[in-house]
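The values are calculated or read from the model by the stated rules, or taken from the named source; none is laboratory data. Note that the structure is a prediction, hence the values are computed from the model and not measured. Quick reminder, even Gly has a Cβ in these numbers, built from the backbone with ideal geometry, and neighbours come from all protein chains shown.
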């Protein structure tokens with residue numbers, strides 16, 4: 001799990017509750033985003049991920 005549940009809860013605030021499956025979906029989204037960022041950096045002959053890779 002890449003996503004820290006405590007940080008998500010902190011960012012969401014007390015006004016909202018977060019379901020357990022939301023964490024799983026968010027984690028998958030983050031992992032896919034990282035995968036695509038790695039591919040973009042590799043296509044540009046870099047080993048450093050930069051903000052524009054997202």
(message) Within segment 1-22, does at least one residue satisfy the condition of being within 22 Å of residue 52 (Cβ to Cβ), under 13 Å from the mean Cα position of the chain (by Cα) and either assigned to a helix (DSSP H, G or I) or at pLDDT below 95 (or both)?
(response) yes
(request) Exactly one condition in (1) farther than 22 Å from residue 1 by Cβ; (2) under 14 Å from the mean Cα position of the chain (by Cα) is not met by residue 43; state its number. (result) (2)
